[in-house]
1. For the protein assembly as shown, what's the radius of gyration and Dmax over Cα atoms, in angstrom?
2. Treating the angle as unsigned and between 0 and 90°, give the value, to the nearest 10°, between the Cα long axis of helix A:54-67 and the longest Cα principal axis of chain A.
3. Placing the label point 7 Å from Cα along the Cα-to-Cβ direction, what are the distances from A:A123 to the equivalent spots in the other copies, shortest first, in nm to one decimal?
4. If I model a spin label at A:C101 and A:K116 as a point 7 Å from the Cα along the Cα→Cβ vector, what separation in nanometres do I get?
5. Looking at chain B as a GNM with Cα springs under 10 Å, which of B:A38, B:A24, B:A55 has the largest mean-square fluctuation?
6. Take the cross-link list A:K116/B:K119; A:K10/A:K128; B:K72/B:K119 and give me the ones stretching past 25 Å between alpha-carbons.
7. Using a label point 7 Å beyond Cα on the Cα-Cβ vector, give me the inter-copy distances for B:P33 in nanometres, one decimal, shortest first.
8. So what's the angle, to the nearest 10 degrees on a 0 to 90 scale, between helix B:111-129 and the longest Cα principal axis of chain B?
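The values are calculated or read from the model by the stated rules, or taken from the named source; none is laboratory data. Values in this document were obtained by computation on a predicted structure and should not be read as measured data. Because the Cβ atoms are built from the backbone with ideal geometry, glycine has one as well, and the counts that use them run over all protein chains shown. Note: accessible area is taken over every heavy atom of the protein model, side chains too, but ligands, DNA and RNA are not part of it. Shrake-Rupley method; radii C 1.70, N 1.55, O 1.52, S 1.80 Å.
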Number of protein chains: 2
Amino acid sequence: MREAGWCYGKLRRKGFRLTSPRQAILDVLAQNPRHLSAEEVFLLTHKSHPGIGLATVYRTLNLLTQVGIIRKFDFGDGRSRYELTAEEEEEHHHHLVCIRCGRIINYSDFMEKEKKFIKDLEAELSKKYQFKINSHQIYFYGLCKECQ
Amino acid sequence: MREAGWCYGKLRRKGFRLTSPRQAILDVLAQNPRHLSAEEVFLLTHKSHPGIGLATVYRTLNLLTQVGIIRKFDFGDGRSRYELTAEEEEEHHHHLVCIRCGRIINYSDFMEKEKKFIKDLEAELSKKYQFKINSHQIYFYGLCKECQ
DNA sequence: ATAATAATGAAAATCATTATCAACTATCAT
DNA sequence: ATGATAGTTGATAATGATTTTCATTATTAT
């Protein structure tokens, strides 16, 4: 699906080592559908690298989140989900979450319109609440096509 | 701060019993600042009703969430937070989350503007993804006044 | 009242996630 | 190359939030 090459340098530049477990986990994140849970990452990684433990998966996911290579989400089912960030930061997207089956749809349509709206709103909120905003998330909850 | 009377009937109508623990927990939610965690609800309830156990607090919070009397949020610090819903559904608000100290600010300014925007967006998304949207959440993450 | 059913408290169990620790490995200066 | 240093790892134990279990108690309809 995607390739994780660009991440390697990014890790290095921040002073972290590019080890084989980290590569394996990055590849799993790049080559699989999105919003994987830690356990899903572990199981997928385990196929090709049975030696890699769950603790390492968690550690690596946290590290990659710190560095900004992946992003951590919470869709309300009790486990965190992780998504590879786009190489250039421009592929920002939001989520539709099905409250019945848990399916998650990423959308990035209508982003132009949103971008302007969010920008204005951020400016107003920052001013009123003296809050330095550096990111946002928008979630829509409802029923997906299959679950209606 | 607020009073929880209107909730009682709502519980009954759905076929649940209005017991003293439930009343106590509802009162705590109504009379305290928002976005309380389960443990905070437990501790506050414990003051006036020392007999009420943590399990009952969790059970009641889940029940109230099901019924729609309260709403469950996840701000990313590992514990769920609960907020009493407004009696009329019009008091919808969004959140500013401080990524350093965890402080949460509810805002409901600019909602007119948001309302129109969200409505349009929902219409477009529903159509494109055949998704029946029934709620949404917007979070802004950043640094609060004190933490900057 | 009384039976039928729902709700409760205490404790144990579960689940995701994090910390611990000894063994291992990449990196850098020599 | 080599060895010292600090970063990483896997296995396991520990943690913290939430849920389940089960015997007991309270509430409702009869």
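1. 21.2, 60
2. The helix A:54-67 is inclined about 50 degrees to chain A.
3. Ordered by increasing distance: 2.6 nm.
4. 3.6
5. B:A55
6. From A:K116/B:K119; A:K10/A:K128; B:K72/B:K119, over 25 Å: A:K10/A:K128.
7. Listed shortest first, these distances are 4.2 nm.
8. 80
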